[in-house]
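Everything below concerns the one structure shown next.
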Amino acid sequence: MKATVVTIGDEILIGQIVDTNSASLSRHLNGIGITIHEKISTGDTKEAIIDTLNRAMSSSDVVITTGGLGPTKDDITKHTLAEMFGSKLVYNEAEGEHVRRLLERRGVAFTDLNRGQAMLPECCTVLRNAHGTAPGMWFDTAKGGVVISLPGVPFEMEHLMEDEVLPRLKERFELSTIVHRTLITHGIAESILAERISAWEDALPDYLHLAYLPAPNIVRLRLSAYDTIKEQAESDIAAAFAELERIIPDNIVGMEGSTIEQRVHEILTERKETLSIAESCTGGSIAAKFTAMAGASAYLLAGVVSYANSAKCDILGVNPEFIERDGAVSESVARAMAEGVRRITGADYAIATTGIAGPSGGSEHKPVGTVWMAVATPEKTIAVLRNCGTDRSQIISRASAYAIELLYNELKKL
């Protein structure tokens, strides 16, 4: 069973918004055993939509579109689908009343434009959008497939998929089994990892497919099985990953969804220990990773973005002589920042970063991407120099990941 995901909208093509819908739809469809054949983004013209959908229907059993279902004149998906399926638009009383009540609760007038949301192709099955005014639409094709049109607003699309689309797909089609499981590794480059686990990879059952998915300072190892018995695949994958944990025990973070910051979060919470952070070049990115997790208030005491040298000295107590002698991007300053934020907050542990994120500010001895990071513990302070690349966003992302890993490695020793 194959599916094509089509995102409709000029705003996607010109890069004005980031398409998150296709990734979410792919996860949902894979989760019920439907393979993604293709993802396509197309513009807001009738010709483009028709050409794209004809192509998609020729190669896939399920075609899902998002976007172009709003009340304004530039939203033409509904009209185009009605034309494609030889249908006329008719007023759906139930949907009209739903839209009226929804807008009434929001204090918005029910205008002719909003009334138009309930004008729907006569041949479609209407999918109630409980969270918005644009209903979804389900069309049966002559070849036995389906075309499903969903709104482009992500949270509305999500609810429609979960509440309406997935149950209907499960009922309509005999679906195969697809199993994906992902293990997260850290602290080892992809090429070195591949060499170290080569024998393990060669010993995998033939029906399991391994993929390497690198990201800043981590590599995801995904094992996939298609058209198989779910229980057998899950058992074989679990056994394979258990063997891998014996081969590279110090490099395992956990399964998909696990992150190094999450592991730090769990360790500090369990031990009832605390953390503070002093950031310069990373600009609060490290603190943001922790505050994004519920329960961080149990251990995270403070985050200081000491971007200016004066802030490093006045707030964190960094000796100005260190900056004068070694520069702000140096081991001595990184150590002093970590020790300073730990001292002034009373935290058990502290992280600090100072570096050159670019695009300017580098030199022959300290090029752009140079980052010193330090971790202060109750017993010692350790500092590490890293070159984090050449692109500003990449440098910030990598430096944040490296710094958190530095703390994680210390916590694992205890």
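General observations
- Shape call, the stretch 178-255: gyration tensor on alpha carbons, a/c limit 1.5: prolate
- Assigned charges on the beta-carbon of Lys, Arg, Asp, Glu; the chain dipole about Cα centre (debye): 660
- Virtual spin-label span in nm between R115 and H79, 7 Å along Cα→Cβ: 1.8
- In whole angstrom, the stretch 333-414 maps to an equivalent ellipsoid with semi-axes of 24, 13, 10, each derived as √(5λ) from the alpha carbon gyration tensor and ordered largest first.
- Cβ-placed point charges (K, R +1; D, E -1), dipole of the stretch 63-163 about Cα centre in debye, nearest 20: 160
- Nearest-ten-degree value, helix 260-271 long axis tilted from longest Cα axis of the chain: 60
- Cβ-based net charge around G96, under 12 Å, with every Lys or Arg adding one and every Asp or Glu removing one: -1
- Neighbour net charge for L150 - beta-carbon separation under 11 angstrom, K R +1, D E -1: -3
- The Stokes-Einstein estimate for the stretch 111-157, based on a Kirkwood radius over Cα pairs and taken at 25 °C with 0.890 mPa s viscosity, is a diffusion coefficient of 211 µm²/s.
- Shape index of the chain: Rg/Rh, with Rg the Cα radius of gyration and Rh the Kirkwood radius from the inverse mean 1/r over Cα pairs, equals 1.07.
- Positive contributions from Lys and Arg (+1) and negative ones from Asp and Glu (-1), summed over other residues with Cβ under 12 Å from the Cβ of T177, come out at -3.
- Amide H contacts of T370: I356, C388, each under 5 Å away and 5 or more positions distant or on a separate chain (H built 1.01 Å from N in the peptide plane; Pro and chain starts excluded).
- In percent, rounded to a whole number, the relative contact order of the stretch 268-414 is 23, using alpha-carbon pairs under 8 Å and six or more apart.
- Helix 93-106 and the longest principal axis of the Cα set of the chain meet at an angle near 30°.
- For the stretch 1-145: span of alpha carbons on each principal axis (Å, largest first): 42, 35, 31
- In the elastic network of the chain, a GNM with C-alpha springs shorter than 10 Å, the most mobile of G361, G369, G254 is G361.
- Kirkwood Rh (inverse of mean 1/r, distinct Cα pairs), the stretch 260-413, angstrom: 15.1
- GNM flexibility winner over the chain from E104, E245, E261 (Cα, springs under 10 Å): E104
- J(HN,Hα) series, the stretch 165-173, from Karplus relation 6.51 cos²θ - 1.76 cosθ + 1.60, nearest Hz, glycine and proline x: 6, 4, x, 5, 5, 5, 6, 7, 10
- Just checking the listed ones, A338, A288, A233: in the Gaussian network model of the chain with Cα springs under 10 Å, the one fluctuating most is A288.
Since every read-out is calculated from the coordinates, none of them should be taken as a lab result. Every value quoted in this text rests on a predicted model; they were computed, and no experiment measured them. Don't worry about glycine lacking a Cβ; one is built from the backbone with ideal geometry, like all the others, and counts go over all protein chains shown.
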